[in-house]
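The structure appears right after this line, and notes come after that.
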């Protein structure tokens, strides 16, 4: 018997703001205006530190000082900043511990990323160490609000104000998210006002306008109740529809119709079986709430894109992936696959994010070792979803192609054009990372 869940109160300052920090981080690379960058300076610094920390996660005792230095380089953090800013901050936030050698170089490092809590919780601890301005804190709230509900500009600003910020700060924060591209807006002729939404979640303005129009048509009390419903779907994805019995059924149905909530129905082929409907939030990142890592879906996209690349584009003579699910299942169960020549060259981005590591073999061939098993297992689930339930044979991989806002490695390379010097520098950094890991493994074998 399903229990009815009481809608939660509106959030004021919780771990989802940690996820908003990563939204800001993803957008920073596209910001060219120096004033905008300066106003987001502490958010940027905290996000850089967390980007570096997440790359370290999963290596455990195999993490060496040299590996950490190379991961910092791949995260865009120089040695001076690493020593005097990033590492001390992460240590105060209980994400790492480390020691220096007599020569002034990093001698050892231990990471606790995801051990004392989810990464989105740890991100807030790191952010607090950077002492963000009131405006920057309001920017995080604006980013988070736009993630779980497209609202008209005035309603969005009102939601920020209701979290404890004066109207001037709320308006400035919203303007800053729009100027930086963290949030987007689209003019609704029907509403006579801009609609604000997070493009990472909602993707397009048309849907956002429809949803904002629906929300505006509701009385204030019902609107707040519906936003609480959205929070419930985000915090508890996959609840059965009858768990929403505390909400007005007509409002719930309308929310499903405009896409504010998503419902899926499972039917069994067994005679007499009843279908069951489950409710989800369109916020994909809500799945992070049950994971230790954050941005997990983005890392899964990265992982799946690489596996599909190895299946579709890799040279047959050099180790093409014949069955993605078989290979990834072996990677999950055995912790390693290979050897193959393509492994040495085709998985740089996965290495740079610490999802896998590449171990050199003989004759130019290499092995692919699992590091972040949580991401790999999630990628396997996506790949398994492509299997044909009727025939039991591998179905089309077309549905697994990354979304339009995610580029495959080959598409990305084609669009970037000629940047051989930068490619060589990045490639050299990856090789140094491999060398550091191999040295750490050799040292571990004699550490008795």
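The values are calculated or read from the model by the stated rules, or taken from the named source; none is laboratory data. Nothing here was measured: the structure is a model prediction, and the numbers come from that model. In this analysis, Cβ positions are derived from the backbone assuming ideal geometry, glycine residues included, and neighbour counts consider all displayed protein chains.
I'd like to check something: does region 142-149 contain any residue that is surrounded by 14 or more Cβ atoms within 10 Å (Cβ to Cβ) and assigned by TED's automatic domain parsing to the domain that holds residue 44? The answer is no, given that none of the residues of region 142-149 is surrounded by 14 or more Cβ atoms within 10 Å (Cβ to Cβ) and assigned by TED's automatic domain parsing to the domain that holds residue 44. Within region 48-84, being touching a residue at least 60 places away in the same chain (Cβ under 8 Å) and within 16 Å of the chain's Cα centre (by Cα) holds for 49, 50, 53, 54, 55, 56, 57. Scanning region 100-115 for residues that are within 27 Å of residue 375 (Cβ to Cβ) and either touching a helix residue (DSSP H, G or I) at 6+ places or on another chain (Cβ under 7 Å) or surrounded by 16 or more Cβ atoms within 10 Å (Cβ to Cβ) (or both) gives 106, 108, 109, 111, 112, 113, 114. When you check residue 124 against the structure, is it crowded, with 17+ Cβ neighbours inside 10 Å and either free of Cβ contacts under 8 Å to residues at least 40 places away in the same chain or touching a strand residue (DSSP E or B) at 6+ places or on another chain (Cβ under 9 Å) (or both), yes or no? When the stated conditions are applied, residue 124 does not pass them.
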